[in-house]
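The values are calculated or read from the model by the stated rules, or taken from the named source; none is laboratory data. Being a predicted model, the structure only gives us computed values, none of them experimental. Using ideal geometry, Cβ is built from the backbone for each residue, glycine included, and neighbour counts are taken over all protein chains shown.
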Amino acid sequence: MKKIFIYGDIETLINYANAIEGCGAKPIFSTDIKLACTCDGLLLAGGGDVDPEFYGEKCTASTNIEQRRDIDEIELIKLFTEMRLPILGICRGLQIINVAFGGTLWQHIDTAPTHVWSEETGDKTHDILAEKNSFLSPIYGSKFSINSAHHQGIKKIADGFSVSAHCSDGIIEAIQCCEKNIYALQFHPERMCFKKKRSDTVDGSKIFNFFLSKC
C-alpha cells in the first residue's frame with residue numbers, strides 16, 4: 001500500500017485522511033519530517049497563510065501564520081524533489097510550493113468574496129478553466145466547477161512552473177511542474193469526494209487517484 005506523508009495531525013486534517021484512504025493508500029500524519037523518507041508521496045494540506053517573509057514582503061493581510069510549519073514544509077518540498085517523488089499541494093499547499101520555488105503571493109486578492117469560505121455560505125463554488133496541456137484537462141475537461149475557500153493567490157508564479165487552470169477573474173487555480181512531478185490546486189478536492197462529495201462540483205477523488213498513480 002502506498003504511503004503519503006501529510007504534515008500535521010489527523011484530527012484537524014481528517015478530510016485528507018478519508019480521501020487518501022478512500023483511494024486505497026495510507027496517510028502518514030506527523031510533524032516529524034524524518035518519517036517522510038519512508039513515504040511514496042507528499043501531500044501539502046490547506047491551512048493558514050504562508051509568512052510573507054518567505055517571499056520578501058512585510059505582512060499586510062496574511063493571517064494564521066505558522067512559521068514553523070512554513071519552514072518544515074519547505075524542507076519537505078526540497079526533500080521530495082530531491083528524491084524525485086510526487087508532491088500534491090492543496091490550497092495553502094499550492095501557495096507554499098510556489099513560495100518554495102521563488103514565487104510570490106497576493107496577500108488578499110481583490111475578488112476574495114468570490115473565493116473565500118464564510119460561516120454563512122461555507123465553501124464558495126465557481127467554474128475554472130483548465131489549460132490545454134494541464135494535468136487537469138484529461139481528468140475534467142476544459143471547464144468545470146470546484147469549491148473555493150481562499151483569500152490569497154499566486155502573484156508571480158515560480159520559475160519552471162506553468163499555470164494549469166485559472167478562474168475567469170484571472171486568479172490562478174492550479175499549477176504544475178511535470179519535470180519535478182509537482183501538481184497543486186487552489187481548491188479542496190478532499191471536500192469534493194466520498195462522504196463530502198457534492199452535486200455542484202466535480203468529483204475530487206479523481207485528483208487523488210491521479211496523484212497516487214504518480215507515486
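Quick notes on this one:
- For ALA17: the one exception among (1) touching a strand residue (DSSP E or B) at 6+ places or on another chain (Cβ under 6 Å); (2) under 24 Å from PHE161 (Cβ atoms); (3) not in a loop (DSSP other than H, G, I, E, B): (2)
- The listed residue being of a type in the set (Asp, Glu) and part of a loop (DSSP other than H, G, I, E, B), out of GLU57, GLU75: GLU57
Quick grid of which residues meet (1) of a type in the set (D, E, K, R); (2) in contact with a strand residue (DSSP E or B) (Cβ under 7 Å, 6 or more places away or on another chain); (3) at pLDDT below 95:
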{"position": "PRO27", "(1), (2), (3)": "no, yes, no"}
{"position": "ALA36", "(1), (2), (3)": "no, yes, no"}
{"position": "ALA45", "(1), (2), (3)": "no, yes, no"}
{"position": "GLY56", "(1), (2), (3)": "no, no, no"}
{"position": "ILE71", "(1), (2), (3)": "no, no, no"}
{"position": "GLU75", "(1), (2), (3)": "yes, no, no"}
{"position": "PHE80", "(1), (2), (3)": "no, yes, no"}
{"position": "LEU85", "(1), (2), (3)": "no, yes, no"}
{"position": "LEU88", "(1), (2), (3)": "no, yes, no"}
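- Flag for ASP49 being surrounded by fewer than 22 Cβ atoms within 10 Å (Cβ to Cβ) and acidic (Asp, Glu): no
- Of all the listed residues (ILE172, ILE128, ILE157), the sole one being surrounded by fewer than 21 Cβ atoms within 10 Å (Cβ to Cβ) and either over 15 Å from the mean Cα position of the chain (by Cα) or more than 24 Å from THR12 (Cβ to Cβ) (or both) is ILE157.
- Looking across the range 131-151 at every residue that is among the aliphatic types (A, V, I, L, M) and either surrounded by fewer than 20 Cβ atoms within 10 Å (Cβ to Cβ) or more than 15 Å from the chain's Cα centre (by Cα) (or both), the one that is farthest from ASP169 (Cα to Cα) is identified as ILE139.
- Test: residue in the range 62-69 that is β-branched (Val, Ile, Thr) and either in contact with a His (Cβ under 6 Å, 6 or more places away or on another chain) or assigned to a helix (DSSP H, G or I) (or both): no
- Filtered residue count, the range 30-51, keeping only those that are closer than 21 Å to ASP70 by Cβ and more than 16 Å from the chain's Cα centre (by Cα): 10
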